[in-house]
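Presented below is the structure to which this report refers.
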Amino acid sequence: MKNVNGFLYLAAVQLALVFALHLARRKFPVSLTREQQNTFIGPFSFVVTVYAFLLGFVVVNLWQTFTEAERSASKEAETLFIVQGLFSQYGARDGEAAVQEFAGSIVREEWPAMAEGKTSPATQEKRVRVMAEFRKLSPSSAKEQAIYSELIAQIGNAFQLRQDRLMTSSGTGSMPDVMWVALGYGGLMVLAGLYYLGVGNQREQTVIDFIVTGILFVTVFLIIQFDSPFQGRLRVKPQAFERIAAQAAPAPPAR
């Protein structure tokens, strides 16, 4: 459901729901008088407002999670770029190549694996190689010691950002099941109230049903799309890592 077909599926469900409401009202006519319906509109409007606030809160929260994942991935790529440059300045060409291969593996193997909520053993091996190349370094001058110390910090930052990314892709950052239950239950309450909201004219009633259910299903579609930042059609892309994999990093200025 995390693609265009998901929207078509929800649209079909909406049509079926509106048709079901129409049949339910015909087979089981609402017995409320016009005065009772006018009294019902007040509490129903309050329920719809509260539910709309909940939906808005969820959408905004998931959008923030999505943008944060995007920023974090860009920061991770930038940190790897710095690591590559530090290896180059140190003169460790094998370390520089290891970082480039690591970034390429992230693009080719890890990103497709994350789309399925998995990790890539091949990328993990490239990560181990980066650490192996780092351990080969033995600084013998003040300049090399400074670069070595900076490498420790930057490699640690890059690997921590990668771990956060993998946790998000595996579902750790997704919306909890209890929130889905709350949204589903609230949606049923709104639909139940909509059943009792009759305007007397079938054409106008159908328009109202389409408007209410349409807003409901569009919001649910957005929630589904933003729920997992690294899965589905709308997901974070690995362009920042592609630049590292495609070209060698320039050495940072001498300290």
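Values quoted throughout were computed directly from the atomic coordinates according to the rules given, and no laboratory measurement underlies them. Because the structure is a prediction, the values reported are computed rather than measured. Virtual Cβ from ideal backbone geometry, glycine too; neighbours counted across all protein chains shown.
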For the chain, what does the relative contact order come out to in percent, with C-alpha contacts under 8 Å and a separation of six or more? 40 percent
Debye calculation, C-alpha points only, no solvent: report log10 I(q)/I(0) for the range 122-229 at q = 0.11, 0.16, 0.18 Å⁻¹, in the same order as the q values. -0.62, -0.87, -0.97
Assuming 1.567 mPa s and 4 °C, estimate D for the range 27-141 with Stokes-Einstein, Rh taken as the Kirkwood radius over Cα pairs, in µm²/s. 68 µm²/s
Where does each of 180, 111 land when they are ranked from fewest to most other beta-carbon atoms within 10 angstrom? 180, 111
For the chain, state the semi-axes of the equivalent ellipsoid (square roots of 5 times the eigenvalues of the alpha-carbon gyration tensor), sorted largest first and rounded to whole angstrom. 57, 16, 12
